[in-house]
Amino acid sequence: LLGWLMRGLGTVPIKRPQEASGSAEARRQANEAAVDALATAVADGSFSCLFPEGTSHDASHLLELRPGAARLVLRAMERGTGKPMIVPVGLHYDDKRSFRSPVLVAFHPPVDPAAFTAPPGGLEPARGPVEALTGEIERVLHEVVRATENWDLHHLMHRARKLVRAERVRRAGSTVRAPNMAERVLGFARVWKGYYARLATHPEQVAALRARLEEYDADLRALGLDDHELDAATGWGSPVRALSLAAQMALVFLFLPQLLLVALVVDGPPALLLMAARRLFAKHDKDEATILVLGGAVLFPLVWVAAGVATWWLHAQLEAVLPILPELRGLAALLVVAASIVGGMAALRYQRLLGETLRAVRVRLTRSRRRVTLARLRVERSELHDAIVGLAEGLDLPGRVGGDGRVLAEVR
């Protein structure tokens, strides 16, 4: 069924040499045929989404790019009368390790492969054009994904982004809300570009500033606070905020656990079964999500139907034992099914909501007990802001700074 659906959507199967069967030559020919089929589809006007590294990973930098993307584009140019273009795409996660994390898909100006066109004749482009185009794709993607040497530097750049924005908003006397994904990615791009530009021209100043920023970051992490939370009033805030937090705590600790209990009984066993299947059958990390999504799409609806049928049968048995019980077996079955679905959806969000609630309580307690420390950190944040902005002066950074402290996209 899945294969029929994918073929109907126009997908082209890809056979990687390391995953095909047969001799090395047979595997190579199968891969070449797959690339040819994909190139023909692109030449006919279709789109192809490729990850040029050829694998999934959890590094902050690019892995070595495979030549398949360049080969595909150059072959498509040979086969069609159109002009295929390469559109670099960056995937930017709010929290890459969190399930259902917000993500921004950023499309960048296209790369024209015409300059790398192979000479006419033959299906296989010359090795020179393939290598040259692969190098250009790698150069562009390095900037598109804002690659860094390691995750520590990546997170420190985000700290600088949040620090600068929080201080700008405070000085502007603004009450803007937390930045959305677009502003976060744009703010990070400014820090990323400024860091590497000044690392080449002012390495000693960058190293000193980075050391100060690491100390500031360690202090905030120890307190469990974020940059903008340094400016809020001490204590528990206004009565409205206190009541809002109380209502949130009642929801998290009193109401939702009852709903989650139904989800635990009904959705727990299939969830554990999927976890076991992931460990047994996933040959690569990239296969784990496929097993969970496809298996869950089949298993959970079956379990919900089974829970409804079981509830209907159990209610019928109770009616026979207790004649005064109303004949609501259908309604009872529907309620159990609904509670299983809603409870399962709530379970996906409960961990984050629980963390946010506990964080809100911890932040208010910290503000009440650490006033001197918070005052020192506000001074340090201000000085770091001035140092970062001063070091970046004269650079052409993406976006523009609004009067309220936000980073805005440039109007073209």
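The values are calculated or read from the model by the stated rules, or taken from the named source; none is laboratory data. Predicted, not measured: the structure shown is a model, and the values here were computed from it. Note that each Cβ is placed from the backbone with ideal geometry, even for glycine, and that neighbours are counted across all protein chains shown. Accessible surface areas use protein heavy atoms only, side chains included; no ligands, DNA or RNA. Shrake-Rupley method; radii C 1.70, N 1.55, O 1.52, S 1.80 Å.
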Looking only at the range 12-50, count every residue that is open to solvent by less than 90 Å² (accessible area, probe 1.4 Å), more than 15 Å from R79 (Cβ to Cβ), in contact with a helix residue (DSSP H, G or I) (Cβ under 9 Å, 6 or more places away or on another chain) and of a type in the set (S, T, N, Q) and tell me the total. 1
Any residue in the range 73-93 that is over 18 Å from the mean Cα position of the chain (by Cα), under 23 Å from V293 (Cβ atoms) and not charged (D, E, K, R)? no
Residues in the range 83-107 that are open to solvent by 50 Å² or more (accessible area, probe 1.4 Å) and farther than 23 Å from W151 by Cα: how many? 4
Taking into account only those residues within the range 271-319 that are among the acidic types (D, E) and more than 26 Å from L331 (Cα to Cα), which is surrounded by the most Cβ atoms within 10 Å (Cβ to Cβ)? E288
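Run down V361, V342, V337 and say which single residue is of a type outside the set (K, R), within 28 Å of V303 (Cβ to Cβ), touching a residue at least 12 places away in the same chain (Cβ under 8 Å) and open to solvent by less than 70 Å² (accessible area, probe 1.4 Å). Spell out the reasoning first.
Working: V361 fails: within 28 Å of V303 (Cβ to Cβ); V342 fails: open to solvent by less than 70 Å² (accessible area, probe 1.4 Å).
The match here is V337.
If I ask for residues that are part of a helix (DSSP H, G or I) and touching a residue at least 60 places away in the same chain (Cβ under 8 Å), which ones from the range 1-56 would you list? Outline the logic, then answer.
First, the residues of the range 1-56 that are part of a helix (DSSP H, G or I): 2-8, 17-19, 24-43.
Hits for the range 1-56 are L2, D36.
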Take the residues of the range 185-218 that are hydroxyl-bearing (S, T, Y) and within 16 Å of W151 (Cα to Cα): which is most open to solvent (accessible area, probe 1.4 Å)? Y196
If I ask for residues that are part of a loop (DSSP other than H, G, I, E, B) and charged (D, E, K, R), which ones from the range 177-222 would you list? R177
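Residue-wise test of (1) within 20 Å of L261 (Cα to Cα); (2) at pLDDT 80 or above.
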{"position": "T290", "(1), (2)": "no, yes"}
{"position": "P301", "(1), (2)": "yes, yes"}
{"position": "W304", "(1), (2)": "yes, yes"}
{"position": "W313", "(1), (2)": "no, yes"}
{"position": "L328", "(1), (2)": "no, yes"}
{"position": "A332", "(1), (2)": "yes, yes"}
{"position": "A339", "(1), (2)": "yes, yes"}
{"position": "L353", "(1), (2)": "yes, no"}
{"position": "L358", "(1), (2)": "no, no"}
Regarding G355, is this residue surrounded by 14 or more Cβ atoms within 10 Å (Cβ to Cβ) and either within 30 Å of Y195 (Cβ to Cβ) or without any contact (Cβ under 8 Å) to a residue 24 or more places away in the chain (or both)? no
Filtering the range 68-82 for residues that are under 28 Å from A147 (Cβ atoms) and either open to solvent by 60 Å² or more (accessible area, probe 1.4 Å) or without any contact (Cβ under 8 Å) to a residue 12 or more places away in the chain (or both) leaves a count of 0
Residues in the range 247-257: is at least one open to solvent by less than 50 Å² (accessible area, probe 1.4 Å) and closer than 27 Å to V105 by Cβ? no
Given the criterion aliphatic (A, V, I, L, M), at pLDDT 95 or above and either more than 25 Å from L50 (Cβ to Cβ) or part of a helix (DSSP H, G or I) (or both), identify the matching residue among L141, L156. L156
